[in-house]
Amino acid sequence: MITLYHCLSARSFRPLWMLEELGLPYELKMLPFPPRMLQRDYLQINPLGTIPLLLDGERRLTESAACAQYLAAKHSPRQLNVEVDEPDFAAYLNYLHFGEATLTFPQTLVLRYTWLEPPERRVPQVAGDYAKWFLARLRTLEPLLSKQPYLCSRFTAADVSVGYALMLAQQVKLDGEFTPAVAAYWQRLQQREAFGRALQAQQQAAEPLGLKRLDLA
Ligand SMILES: N[C@@H](CCC(=O)N[C@@H](CS)C(=O)NCC(=O)O)C(=O)O
């Protein structure tokens, strides 16, 4: 049985969404955010203190895009995964990693320096610069998504990776600046049944523990 350690709407949503797309059985372990501070014993199983942590028998992954890639390759060849001999293989890998390295990382600076730090440590200039940085890079998807519904010729783990970056953008209130085809793509992704099931699964697991999403007012 796969075990996923997760915090509400954090990057570990990528493997959670993938597990729902795949219809695999899994155990969801919800943690308070940040676990490094609020659940110290978590450091014993993941010294990084970060989520996700995905355990599959002896196998262990702590990178959300790698979790998505692993699950797709292992459980969904030629469907959620793109194989080496398919024309979209390079695009698939590129967008899978673009979702985390290029689209998610800059937003974590926006989140941190607008909301997570105590008021005296907040830095509007950093938050503003990285919001612009993110939006400029996101705009590069507009021509592709004006022509096709997904990043590759079908829905894949790359859409889950980029989709999570769009979910985070909504949380940090940058979605109002999405270009038209990107906005339509984000709507399309949210309509997927597995996306809805993943949202429901995290909510159901969080409620009994009294865990709530960060309030970014
Ligand atoms: N590149 C990693 C980043 C993992 C990461 O930094 N996760 C955040 C949550 S979105 C975290 O655990 N932050 C808490 C901390 O750094 O203590 C991934 O894609 O999974």
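Structural remarks
- Note on the chain: GNM, Cα springs under 10 Å; of Gln44, Gln171, Gln204, the largest mean-square fluctuation is that of Gln44.
- Length gained on full extension, Arg59 to Gln187, computed as 0.36 nm times the residue gap minus the Cα-Cα distance: 42.7 nm.
- Stretching Trp133 away from Leu24 to a fully extended chain increases their span by 35.6 nm, per 0.36 nm per residue minus the current alpha-carbon distance.
- Within the assembled protein chains, the solvent-accessible surface assigned to Ile45 is about 70 Å², based on a 1.4 Å probe.
- Heavy atoms of the protein chains alone define the surface here; on that basis the chain has 50 Å² accessible area per residue at 1.4 Å probe size.
- Estimated from the Cβ-Cβ distance and a Förster radius of 25 angstrom, the FRET efficiency linking Phe105 and Gln204 is about 0.25.
- Arg78 versus Gln170: modelled label distance in nm, points set 7 Å from Cα along the beta carbon direction: 3.3 nm
- Segment 1-130: C-alpha gyration tensor shape, a/c 1.5 cut-off, then a/b vs b/c: oblate
- Accessible-area composition of the chain, carbon plus sulfur, in percent [1.4 Å probe]: 53 percent
- Sorting 64-73, 10-19 by their mean Cβ neighbour count within 10 Å, with the most densely packed peptide first, gives 10-19, 64-73.
- Label-to-label distance, nm, for residues given as Met1 and Arg40 (7 Å Cα→Cβ offset): 2.9 nm
- Each peptide in 209-217, 157-165 gets a packing score, the mean of other Cβ atoms within 10 Å over its residues, and the list from highest to lowest is 157-165, 209-217.
- Taking every lysine pair in the chain that is 8 or more places apart or spans two chains, those with Cα atoms closer than 27 Å amount to 6.
The values are calculated or read from the model by the stated rules, or taken from the named source; none is laboratory data. None of these values were measured; they are calculated from a predicted model. Counting neighbours? That spans all protein chains shown, and the Cβs are built from the backbone with ideal geometry, glycine included. Just the protein is used for accessible areas: all its heavy atoms, side chains included, with ligands, DNA and RNA removed. Shrake-Rupley method; radii C 1.70, N 1.55, O 1.52, S 1.80 Å.
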